[in-house]
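Heads up: the structure comes next, in structure tokens.
The values are calculated or read from the model by the stated rules, or taken from the named source; none is laboratory data. Everything numeric in this text was worked out from a predicted model, so none of it was measured. Reconstructed Cβ throughout: ideal geometry from the backbone, glycine too, with neighbour counts over all protein chains shown. With ligands, DNA and RNA removed, areas are computed over all heavy atoms of the protein, side chains included. Shrake-Rupley method; radii C 1.70, N 1.55, O 1.52, S 1.80 Å.
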Amino acid sequence: MGRKHSRFAIFLHWSFIVLYVYGIVKQVDDISDLEDSKLLIFEVIFASVFLGIVIGRYFYMRKVETMHASAVPVHRVHKIIAKTVHTSMYIVLVLLPLSGLAIAFLFNQGIEDGPLQLVALSVHEFAATASYVLIAIHVSAAIYSRIKGEGVWSSMVPILNDEKPNNHPIVRKVADFEEQVYDHIERLFVKKSE
């Protein structure tokens, strides 16, 4: 407990954020824009690099236990929820470039609309929206962890990282309630499995 991520992991995390934001900012608004062959090639290269980085990051970070940097004990249910959010983020961040590549491939084959292109566009739109939601959950959880002073924030964020457990009565009350919720969830699953 209380370990920091490696410099390489921190670099991967923050450089990926830059790549993700760039992808959002420069996204193609209209599929007909892909008629520009230079744009089409750029989009294919960008999606391929993005996909490679996401997959590489997944296999690198898989070696690190979820919530490994916490300076306080982490409830088993909390770890499961955190791992589910992380895994879901990787899934949608793989679907995003894969569906983008499918859109580009279909467009290059002359399929600008129809059921195949509709499926590819729908998956792409779903993955983009899901990535926004999951990243918002991830960032909110990191901020909440920082407020509680668990040490998780300090393991990955280079600022405001002088974390100590927060003993403010309101923070303690919320954290105690959180633990009760996790205990309740765990009891529900234990009863169902018996």
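Considering each residue of the stretch 151-159 in turn, at least one proves to be loosely packed, with under 15 Cβ neighbours inside 10 Å and touching a residue at least 12 places away in the same chain (Cβ under 8 Å).
Note on the stretch 109-132: residues that are exposed (fewer than 13 other Cβ atoms within 10 Å of the Cβ) and in a helix (DSSP H, G or I) amount to 6.
Let's see how each residue does on (1) of a type outside the set (A, V, I, L, M); (2) within 30 Å of ILE147 (Cβ to Cβ); (3) over 14 Å from the mean Cα position of the chain (by Cα):
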{"site": "GLY52", "(1), (2), (3)": "yes, no, yes"}
{"site": "TYR58", "(1), (2), (3)": "yes, yes, no"}
{"site": "MET61", "(1), (2), (3)": "no, yes, no"}
{"site": "VAL64", "(1), (2), (3)": "no, yes, yes"}
{"site": "VAL72", "(1), (2), (3)": "no, yes, yes"}
{"site": "HIS78", "(1), (2), (3)": "yes, yes, yes"}
{"site": "VAL85", "(1), (2), (3)": "no, yes, no"}
{"site": "MET89", "(1), (2), (3)": "no, yes, no"}
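Close contacts from the stretch 60-88, counting a first residue that is of a type in the set (Gly, Ala, Ser) and a second that is open to solvent by less than 30 Å² (accessible area, probe 1.4 Å) and part of a helix (DSSP H, G or I), with Cβ to Cβ under 6 Å and a gap of 6+ residues or different chains, come to ALA69/SER155; SER88/LEU134. Within the stretch 82-114, the set of residues being under 16 Å from SER48 (Cα atoms) and of a type in the set (Gly, Ala, Ser) comprises SER99, GLY100, ALA102, ALA104.
State whether one or more residues within the stretch 142-157 are in contact with a Ser or Thr (Cβ under 7 Å, 6 or more places away or on another chain), at pLDDT below 95 and aromatic (Phe, Trp, Tyr). Looking for residues that are in contact with a Ser or Thr (Cβ under 7 Å, 6 or more places away or on another chain), at pLDDT below 95 and aromatic (Phe, Trp, Tyr), one finds at least one in the stretch 142-157, hence yes. Report yes if some residue within the stretch 176-194 is of a type in the set (Ser, Thr, Tyr), surrounded by 11 or more Cβ atoms within 10 Å (Cβ to Cβ), out of contact with any strand residue (DSSP E or B) (no Cβ under 8 Å at 6 or more places or on another chain) and farther than 30 Å from SER15 by Cβ; otherwise report no. Among the residues of the stretch 176-194, at least one is of a type in the set (Ser, Thr, Tyr), surrounded by 11 or more Cβ atoms within 10 Å (Cβ to Cβ), out of contact with any strand residue (DSSP E or B) (no Cβ under 8 Å at 6 or more places or on another chain) and farther than 30 Å from SER15 by Cβ, which makes the answer yes.
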